[in-house]
Structure formats: structure tokens, C-alpha cells
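The structure under discussion appears below in the form of C-alpha cells.
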Amino acid sequence: MSDQIVVVDPRDRLDLLKSLASEVRIRILDLLNRKGPKNVNQVADELGLPQSTVSANIQVLVDVGLIETKSQKARKGSQKVCYSTFTELVIAFKDREPQQDRDIIEVAMPLGLYTRCEVTAPCGLCSKDGVIGLLDVPDTFLDPDRMRAGLLWFTRGFVEYQFPNNATLAHVNVAALELTLELSSEVPGTAKDWPSDITIAINGHEIDTWTAPADYGDKRGKHTPGWWKLAGSQYGDLKHWRVTQEGTFRDDAKVSACSLADLELERHRSIRVRIGVKDEARHPGGINIFGSGFGNHSKDIVLRLLKL
């Protein structure tokens, strides 16, 4: 499964919301989602609209990132083919912690607000109140109720989060990017010796592969709800990554040469964070990610931008 889910916070993407305030543009998006990529003339024919009207409205949708266009060879010259960039659009006000330092821009991302996913079973999602959807069914990761998730797990694949690039909105330069989350390996039940290679990528660049040592079940997580059985994963390790101009550091130790320059933050409206386990991993031991209401820290996935 590789559906593209776009989560929009109205406070950050007013331009995108304004682009949807048009019946013509809604019809264009609906057509592309239902029938797949089409060129401008095909869209105009399907909708019974002038080509000039369709072209102008498609450009508005391209400008806010809801449509991508690619040039392809045609019988005479080339044609511009339009692709929808999403299969599901979610409007959500994300929780924001008060800023503690005016030199830090921080966003806390709820665990269930991933924008892309591609996972294999065994897998599942839980909120603090109970299991979400069906266990070991990858399609459950598309269930709208995933927004309440406080724990998720899978064997192979990834989840990807799209953070707003608030440094661009604030017109400031970035000295460092920091990422903090609680995670562990995953095995049916638990295991104190169960290594798993968990790879973190930002904006398409792998910053690190960390080998989680265990799927912890020796004691109940401090915030793990009482209904969650003791035989299940209880907590993880709180890991902290920091990307600077000198490279990437995990818990203050340098782990890769991937630097801020590689991430090209200034070119992107959003910051894409992918967390997963590769098929070719040396230790393909699955993954648990703990969020609010689970584990030892009950934290969302936190991304910080340190101003220069």
C-alpha cells in the first residue's frame, strides 16, 4: 500500500484551503483521483469546460502542491500530464506546545498523522482506549480512526510524516534540525534480545540506521494503559537525532555525514520524516513507535528547528 495522505493544518496552509474554494478546482481534483492522470485537453473534455479555464485552475492547484504536472511526448511535440498528489486529504488542527525558546521552532506530530504508509503484517494500531481497526491487516493503517493512535507497529515498510517547514514561513535560517521519538523493535510478544535496524530518512535522505536492541516487556510502560496486556510491547528507547552542517548525530554521537545542506530545507514547504525497516535490513526485527498515552514518555513525535 502506498497511498498518499495529505494532512493540512489550516493555520499553516491557508493558501491550500483557499485553492479548494472553487467548484471547478474540486471537479478537477475529483476527476484525477477517480480516473488517474490526464492532460489538460482531456480534463477540459471530461468536464465540458474551456481549455483556458482548466489550465488556469490547474496552475492554482500546482502552486499549492495538490497537482503535479509532467511533460510527455505526444504525436506533435509534448503534452503536459496532470497527476493528483494525494488520495486522501485530511484537515486537522495539530496540537502545539507553547514555545519555550524564541530561537526554537517546534512541532509535535501525533503518531497517527502520518501522510504515507507502506507496511507488512504483523502490524497494528492502538489508542489509549483500545485497538484501532483490525490487527495484522495493513489496510487498517488507512482507517481515519488512526488519528487517535498512541502505539503502532509493523514488520517491514515505513510510515512517513509531513511536518510544516515553519522556518520557511518565518523567513529564518536553520542551524540544526532535531527529531525525538520513542521506539523499539517488534516481535510477537516481547523479547529482551531482538535487534532491529530502524532507518530514519528526512526529505528523502537517510540520516541514520539505528539498531534497536529489544522489544521491551519486562515491566509495564509508565504511561501504557491498563487494558494493554503485559505480554505486549510496553515501552521503547527515547532517541534523539540532530542534523547540522557537520552531519547527523544520534544522542550526541556522530552517525552519518548527512547534513542540513543535503536536506535542502529552504526548497521545501514541508519536512518529510520517514521511519521504517527495510526488506534488506541485516536485523529486520520490526518496529514499535510509542506516542501519547503509551510507553515511558507519552510524547508525540517532536521535530525542532533551531534558528541560526
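The values are calculated or read from the model by the stated rules, or taken from the named source; none is laboratory data. Remember, it's a predicted structure, so these values are computed and weren't measured experimentally. Virtual Cβ from ideal backbone geometry, glycine too; neighbours counted across all protein chains shown. Only protein heavy atoms, including side chains, enter the accessible area calculation; ligands, DNA and RNA are left aside. Shrake-Rupley method; radii C 1.70, N 1.55, O 1.52, S 1.80 Å.
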Residues to consider are ARG25, ARG11; find the one that is within 18 Å of ASN165 (Cβ to Cβ) and either touching a residue at least 40 places away in the same chain (Cβ under 8 Å) or touching a helix residue (DSSP H, G or I) at 6+ places or on another chain (Cβ under 7 Å) (or both).
ARG11
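For ILE104, state whether it is of a type in the set (A, V, I, L, M), surrounded by fewer than 19 Cβ atoms within 10 Å (Cβ to Cβ) and either under 26 Å from GLN245 (Cβ atoms) or in contact with a strand residue (DSSP E or B) (Cβ under 7 Å, 6 or more places away or on another chain) (or both).
Numbers: of a type in the set (A, V, I, L, M): yes; surrounded by fewer than 19 Cβ atoms within 10 Å (Cβ to Cβ): yes; either under 26 Å from GLN245 (Cβ atoms) or in contact with a strand residue (DSSP E or B) (Cβ under 7 Å, 6 or more places away or on another chain) (or both): yes.
For ILE104, the condition - of a type in the set (A, V, I, L, M), surrounded by fewer than 19 Cβ atoms within 10 Å (Cβ to Cβ) and either under 26 Å from GLN245 (Cβ atoms) or in contact with a strand residue (DSSP E or B) (Cβ under 7 Å, 6 or more places away or on another chain) (or both) - is met.
Looking at VAL137, VAL187, which one is hydrophobic (A, V, I, L, M, F, W, C), more than 30 Å from GLN245 (Cα to Cα) and buried (at least 16 other Cβ atoms within 10 Å of the Cβ)?
Working: VAL137 fails: buried (at least 16 other Cβ atoms within 10 Å of the Cβ).
Residue meeting the stated conditions: VAL187.
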Filter region 261-273 for residues that are in contact with a strand residue (DSSP E or B) (Cβ under 9 Å, 6 or more places away or on another chain) and either hydrophobic (A, V, I, L, M, F, W, C) or surrounded by 23 or more Cβ atoms within 10 Å (Cβ to Cβ) (or both) and give the result.
LEU263, LEU265, ILE271, VAL273
Where LEU169 falls short, out of the listed (1) closer than 21 Å to VAL90 by Cβ; (2) at pLDDT 95 or above
(2)
Within region 271-293, identify whether any single residue is of a type outside the set (A, V, I, L, M, F, W, C), within 15 Å of GLU178 (Cα to Cα) and either in a strand (DSSP E or B) or in contact with a Cys (Cβ under 6 Å, 6 or more places away or on another chain) (or both), and answer yes or no.
yes
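Would you be able to say whether some residue in region 123-134 is open to solvent by 50 Å² or more (accessible area, probe 1.4 Å) and either in contact with a strand residue (DSSP E or B) (Cβ under 6 Å, 6 or more places away or on another chain) or of a type in the set (Gly, Ala, Ser) (or both)? Quick ask: steps written out before the conclusion?
Let us first name the residues in region 123-134 that are open to solvent by 50 Å² or more (accessible area, probe 1.4 Å), namely 128-129, 131, 134.
Those left that are additionally either in contact with a strand residue (DSSP E or B) (Cβ under 6 Å, 6 or more places away or on another chain) or of a type in the set (Gly, Ala, Ser) (or both): none.
No, because not a single residue in region 123-134 is open to solvent by 50 Å² or more (accessible area, probe 1.4 Å) and either in contact with a strand residue (DSSP E or B) (Cβ under 6 Å, 6 or more places away or on another chain) or of a type in the set (Gly, Ala, Ser) (or both).
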Answer yes if at least one residue in region 47-61 is within 25 Å of ILE271 (Cβ to Cβ), open to solvent by less than 70 Å² (accessible area, probe 1.4 Å) and part of a helix (DSSP H, G or I), and no otherwise.
yes
